[in-house]
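All of the numbers you see were taken from the coordinates with simple rules; none came from a lab. Treat the numbers as computed from the prediction; the structure is a model and nothing was measured. We place every Cβ from the backbone using ideal geometry, glycine too, and count neighbours over all the protein chains shown.
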Ligand SMILES: Cc1cc2nc3c(=O)[nH]c(=O)nc-3n(C[C@H](O)[C@H](O)[C@H](O)COP(=O)(O)O)c2cc1C
């Protein structure tokens, strides 16, 4: 997705829960009275969210839901940081539905974060086989 978006002239910032490695949510950024006292990773990631013109959420599907690592990351930041910019959803899964059930959950979450998602989904079913094929590119 990063490559595709950049090929279209967009600047991208990838926020990957596996890379950010935030703890299990105990204290989101907006629960700090003085945000300058929050961990640097929260402050910097929040700034990236605030600076974005739009969001593309890329979600796998775990037990027909969004992976908890993804919601854990997103929940660390306030609605005010996401609000009033559009979002799109890309989903993938091992099964034949391509993660659409997780995508429907994601749509609800994005509504609550005031970054409503646009209609079409980009879905990749059988992602394990797909990633094997893409790996050879
Ligand atoms: C806990 C767990 C639950 C899963 N549930 C589903 C599921 O409901 N539907 C599906 O198609 N694949 C399911 N899968 C398979 C994932 O779609 C597949 O492993 C995918 O590649 C995970 O992506 P990730 O490695 O980026 O997290 C599940 C995998 C895990 C680990």
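Might you let me know whether the stretch 82-91 holds any residue that is in a strand (DSSP E or B) and near the ligand (Cβ under 10 Å from one of its atoms)? Yes; the residues of the stretch 82-91 include at least one that is in a strand (DSSP E or B) and near the ligand (Cβ under 10 Å from one of its atoms). When residues in the stretch 6-17 are screened for being touching a residue at least 24 places away in the same chain (Cβ under 8 Å) and within 19 Å of residue 60 (Cβ to Cβ), 2 of them pass.
Pick out the one residue from 39, 68 that is surrounded by fewer than 16 Cβ atoms within 10 Å (Cβ to Cβ), without any contact (Cβ under 8 Å) to a residue 40 or more places away in the chain and within 15 Å of the ligand (Cβ to nearest atom). Steps first, please.
On the way: 39 fails: within 15 Å of the ligand (Cβ to nearest atom).
Selected residue: 68, the only one of 39, 68 that is surrounded by fewer than 16 Cβ atoms within 10 Å (Cβ to Cβ), without any contact (Cβ under 8 Å) to a residue 40 or more places away in the chain and within 15 Å of the ligand (Cβ to nearest atom).
If the condition is being surrounded by fewer than 16 Cβ atoms within 10 Å (Cβ to Cβ), within 16 Å of the ligand (Cβ to nearest atom) and under 23 Å from residue 23 (Cα atoms), then the stretch 45-64 contributes 62, 63. Residues that are surrounded by fewer than 16 Cβ atoms within 10 Å (Cβ to Cβ) and either at positive phi or in a helix (DSSP H, G or I) (or both) were ranked within the stretch 108-123; the one that is farthest from the ligand (Cβ to nearest atom) is 114.
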